[in-house]
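Note sheet for the following structure.
The values are calculated or read from the model by the stated rules, or taken from the named source; none is laboratory data. Because the structure is a prediction, the values reported are computed rather than measured. Neighbour counts are summed over all protein chains in view; Cβ atoms, including those assigned to glycine, are modelled from backbone coordinates with ideal geometry.
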Amino acid sequence: MIQAESLTKHFQDKKRGLIKAVDQASFTCNPGEIFGLLGLNGAGKTTALRLLSTTLKPTSGTAKVAGFDIVRQSLEVKSRIGFLTGNTALYPRLTADEVITYFCRLYGLNSGELEKRKKQIFDTLGITEFKDTKVDKLSTGMKQKVSIARTIIHDPMVLILDEPTVGLDVITSRGIVEMIRDAKRQGKTVIFSTHMMEEASKLCDRIAIIHKGKILIIGSLKELQEKTGEKDLENIFVKLVGE
């Protein structure tokens with residue numbers, strides 16, 4: 001469902017010079033798989049996901065999402081993904097319900113589909129109780145739930161999630177983790193970034209550790225254990241990253 005080949009993104013910074021945010025990254029993500037990008041802050045996780053979402057264009061290399069090229073067929077890619085990033089903006093003067101209705105209309109859902117999807121997702125994420133509250137009055141966790149709803153409202157084949165549980169309380173995080181597991185049960189492809197070892201251990205079918213833009217290793221937790229001789233994911237990570 002996702003195929004990245006030597007995916008590369010460089011930035012030019014006046015002070016630091018050439019920044020290799022993503023450097024020759026190659027990986028695949030399969031239907032019904034949860035694929036984790038694990039790395040420190042600034043390792044290249046967010047940039048890699050933005051490339052896959054077509055938000056950024058690669059410096060070189062390529063990737064296909066759901067069979068479509070991220071550069072030449074970006075509109076086809078966008079229609080088939082749900083992309084969540086920390087910079088996703090919600091309209092503060094709209095209620096949670098109005099925000100999701102707006103995005104339903106953008107994705108072309110008819111009235112029947114719209115109400116059915118909203119009820120299902122609001123119940124799953126616990127949005128119903130605050131659906132008529134304006135976004136600027138919501139807590140961080142509530143806003144994240146609305147962002148998740150916006151991401152999945154059109155029932156996308158591929159979910160691209162940038163640190164979906166960061167900064168959230170335990171209850172909200174568990175709800176989002178269960179949503180990710182449910183997407184897997186439905187045969188969807190999920191790729192998400194995190195720097196939380198426990199989250200990656202519990203959720204991911206395969207893990208890629210990225211550091212300074214380069215992917216150091218890819219495999220299931222068992223495969224990573226066999227390759228490094230370490231049992232704990234945190235020890236595996238520290239051994240490879242060396243920091």
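Annotations
- One residue from Ile217, Ile191, Ile209 being in contact with a strand residue (DSSP E or B) (Cβ under 6 Å, 6 or more places away or on another chain) and without any contact (Cβ under 8 Å) to a residue 60 or more places away in the chain: Ile217
- Any hit, region 97-118, residues being within 30 Å of Thr8 (Cα to Cα) and not in a loop (DSSP other than H, G, I, E, B): no
- Criterion violated by Asp132 - all others in (1) at pLDDT below 95; (2) outside any helix (DSSP H, G or I) satisfied: (1)
- Being crowded, with 22+ Cβ neighbours inside 10 Å and assigned by TED's automatic domain parsing to the domain that holds Leu37 holds for only one residue in Ile148, Ile210, Ile171, and it is Ile210.
- Cross-chain or 6+ apart pairs with Cβ under 8 Å, region 17-40 first and farther than 25 Å from Thr165 by Cα, then hydroxyl-bearing (Ser, Thr, Tyr) and assigned to a strand (DSSP E or B): Lys20/Thr8; Asp23/Thr8; Gln24/Ser6; Gln24/Thr8; Ser26/Ser6
- Ser139 meets the conditions (1) loosely packed, with under 12 Cβ neighbours inside 10 Å; (2) within 21 Å of Ile171 (Cα to Cα); (3) among the hydroxyl-bearing types (Ser, Thr, Tyr) in every case but one. The failed one is (1).
- For region 211-235, residues that are of a type in the set (Val, Ile, Thr) and modelled with pLDDT under 95 total 1.
- Whether a residue is assigned by TED's automatic domain parsing to the domain that holds His195, among the hydroxyl-bearing types (Ser, Thr, Tyr) and either buried (at least 18 other Cβ atoms within 10 Å of the Cβ) or closer than 26 Å to Leu240 by Cα (or both) was assessed, and Ser26 passes this test.
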